[in-house]
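The values are calculated or read from the model by the stated rules, or taken from the named source; none is laboratory data. Just so we're clear, the structure is a prediction, and the values are computed from it rather than from any experiment. Cβ: placed from backbone, ideal geometry, glycine included. Neighbour counts: every protein chain shown.
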Amino acid sequence: MRAADFVNLEGRVALVTGASRGIGRAVALMLAGAGASVAVNYRERRDAAEAVAAAIRGLGRRALAIPADVSRSEDVAAMVERVNASLGVPDILVNNAGVATVRGLDDLDEAAFDHTLRVNLKSAFLCTQAVLPAMRARRWGRIVNLSSVAARGGGAIGVHYNASKAAIEGLTRGYAARVAAEGVTVNAIAPGPVETEMSAALASDLLARIPVGRIGTPDEVAWAVLATIGNGFITGQVIPVNGGLLFT
């Protein structure tokens, strides 16, 4: 099935953070396949982001590869201003940018904890605050935050990662409760292990515990993102995409 047969995003503008690779790349291409113009945010991997933008244009959609450290308010403000000018005001925001640095209890320090919370949590807050006023004014918007199975389990990355993803789910519910009546939905997708660079750090015994017998693909997560965007009656929810690793 094509994305456009599932959800029609013709005329919509999407901003996907951390979209140069992995899940973010898959989401950006999925939204373009459904008809959206897409801003492809990246921090360092310019060539990869430009390749994603080129692939989106190959689908007949408009695209912009745009650098920004989304944990910094000034970068977020400049990014959104450029998206507004180049593609139009975002109707859709996918907060995907994140970091997963493995740390045990004995080598987790304050700097690593703070960095993880800035990238995984603060970035979602800053980007949401930047695009939300226009969504509320138009009375239509879709915000999807990327959580993780680690938000509700022990996880394999570290307590800093657990904390950041659990906080993302609280942020999701808080925004959803406050903007639902204005036509804006806010949801989270919580993947289990997925075929990305981050999954290389996972222990083999964790992968062996996944009931479906394999790790997921970025496209499987992207389909879940698209489903929440296409359904205006889903808000404040955390959608697990984890192969049965954790039942909620």
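Before moving on, here are some points about what is shown:
- One residue from 81, 74 being within 20 Å of residue 118 (Cα to Cα) and either acidic (Asp, Glu) or modelled with pLDDT under 95 (or both): 74
- Apart from one condition, residue 69 fits all of (1) assigned to a helix (DSSP H, G or I); (2) in contact with a Lys or Arg (Cβ under 6 Å, 6 or more places away or on another chain); the exception is (1).
- Those residues of the stretch 23-66 which are of a type in the set (Asp, Glu) and part of a loop (DSSP other than H, G, I, E, B), in sequence order: 44
- Filter result for residue 15 (in a strand (DSSP E or B), closer than 30 Å to residue 158 by Cβ and not basic (Lys, Arg)): yes
- Being basic (Lys, Arg) and under 17 Å from residue 9 (Cβ atoms) holds for only one residue in 82, 62, 118, and it is 62.
- Just one of the listed residues (190, 166, 224, 156) is farther than 23 Å from residue 89 by Cα, at pLDDT below 95 and among the small types (Gly, Ala, Ser), namely 156.
- Taking the stretch 27-53 as the range and being of a type in the set (Asp, Glu) and in contact with a strand residue (DSSP E or B) (Cβ under 6 Å, 6 or more places away or on another chain) as the test, only 50 passes.
- Extreme residue, modelled with the highest pLDDT, among residues of the stretch 199-217 that are outside any loop (DSSP other than H, G, I, E, B) and surrounded by fewer than 20 Cβ atoms within 10 Å (Cβ to Cβ): 207
- When residue 63 is tested against the conditions (1) within 18 Å of the chain's Cα centre (by Cα); (2) farther than 19 Å from residue 221 by Cβ; (3) surrounded by fewer than 24 Cβ atoms within 10 Å (Cβ to Cβ), the lone failure is (3).
- Members of the stretch 232-248 found to be in contact (Cβ under 8 Å) with a residue 24 or more places away in the chain, on the phi < 0 side of the Ramachandran plot and not in a strand (DSSP E or B), listed by number: 232, 234, 235, 237, 242, 245, 246, 248
- Pair list, Cβ under 8 Å, 6 or more apart: the stretch 4-22 residue within 14 Å of residue 56 (Cα to Cα), other residue of a type in the set (Phe, Trp, Tyr): 19/42; 20/42
- In the set 38, 102, 52, 70, only one residue is closer than 29 Å to residue 157 by Cα and under 15 Å from the mean Cα position of the chain (by Cα); that residue is 70.
- Taking the criterion of being surrounded by fewer than 17 Cβ atoms within 10 Å (Cβ to Cβ) and either touching a residue at least 24 places away in the same chain (Cβ under 8 Å) or assigned to a loop (DSSP other than H, G, I, E, B) (or both), the residues of the stretch 133-152 that qualify are 134, 136, 138, 139, 140.
- Residue count for the stretch 73-121 under the criterion of being without any contact (Cβ under 8 Å) to a residue 24 or more places away in the chain, surrounded by fewer than 16 Cβ atoms within 10 Å (Cβ to Cβ) and assigned to a loop (DSSP other than H, G, I, E, B): the result is 3.
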